[in-house]
Amino acid sequence: MIFKGLKERVLKKKLDKLVSLKEETSASSLKKIQSVGIITSEEISAETDLQKVFENTLGVKNVKIYSKRDFNKNDEISYKHFTEKDINWSGNYFQTNFKSFLDEPLDLLVGYFNENNMYLETAVLQSKADFKVGFSNVNSKLYHLEITSEIKNHKTFTEEVKKYLQILKKL
């Protein structure tokens, strides 16, 4: 337990440092949205089929979704989840499937969580996605576009994302 707290403090410092470096190198592409990824928590993804909601609203296919869940050694290894045990002390994810998701050059990444979570924020930050969208009350330095909405009102969120992507001529 002591090591978990120490690891979280070290990771928090690294996250803050990476966020400040990201500000200097942030640039978004003008490509049309064809590939979409979603990073969320297990609680949110269990309540709503976000994959289907985004596919229907944005008119794209094969939306990929990864959820952060709490580590439990009795859980089976899943290709749709990552845990706090999948990140090392230097702040890099090492689970191969999740790492390849982060390294994939997605056209759009959606951070579908509305509370600060160091693991989710680090994942969004490390993603190689061209354009990132998320909730406005999380971390304003992570996203190119922030939406103010309730987490449970996924239809409003996706409609707002679609509206702004159309304005930006990405859809």
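If we only count strands (runs of 3 or more DSSP E) wholly inside the stretch 60-138, which ones have 1 or more residues that are open to solvent by less than 50 Å² (accessible area, probe 1.4 Å) and touching an Asp or Glu at 6+ places or on another chain (Cβ under 7 Å)?
Answer list for the stretch 60-138: 64-68, 132-135.
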> What is the residue count in the stretch 16-41 for residues that are modelled with pLDDT under 70 and within 19 Å of Gln166 (Cβ to Cβ)?
Replying inline: 3
>> All but one of (1) in contact with a Lys or Arg (Cβ under 8 Å, 6 or more places away or on another chain); (2) of a type in the set (D, E, K, R); (3) surrounded by fewer than 15 Cβ atoms within 10 Å (Cβ to Cβ); (4) at pLDDT 90 or above hold for Glu55; state the number of the condition that does not hold.
In response: (3)
> Applying the selection to the stretch 85-104, what residues are in contact (Cβ under 8 Å) with a residue 60 or more places away in the chain and out of contact with any strand residue (DSSP E or B) (no Cβ under 8 Å at 6 or more places or on another chain)?
Replying inline: Trp89, Ser90, Gly91
> Is it the case that Asn117 is farther than 19 Å from Tyr164 by Cα and in contact with a Ser or Thr (Cβ under 8 Å, 6 or more places away or on another chain)?
Replying inline: yes
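The values are calculated or read from the model by the stated rules, or taken from the named source; none is laboratory data. Because the structure is a prediction, the values reported are computed rather than measured. For neighbour counting, all protein chains shown are included, and Cβ atoms are generated from backbone atoms with ideal geometry for every residue, glycine included. Please note that ligands, DNA and RNA were not included when accessible areas were found on the heavy atoms of the full protein model with its side chains. Shrake-Rupley method; radii C 1.70, N 1.55, O 1.52, S 1.80 Å.
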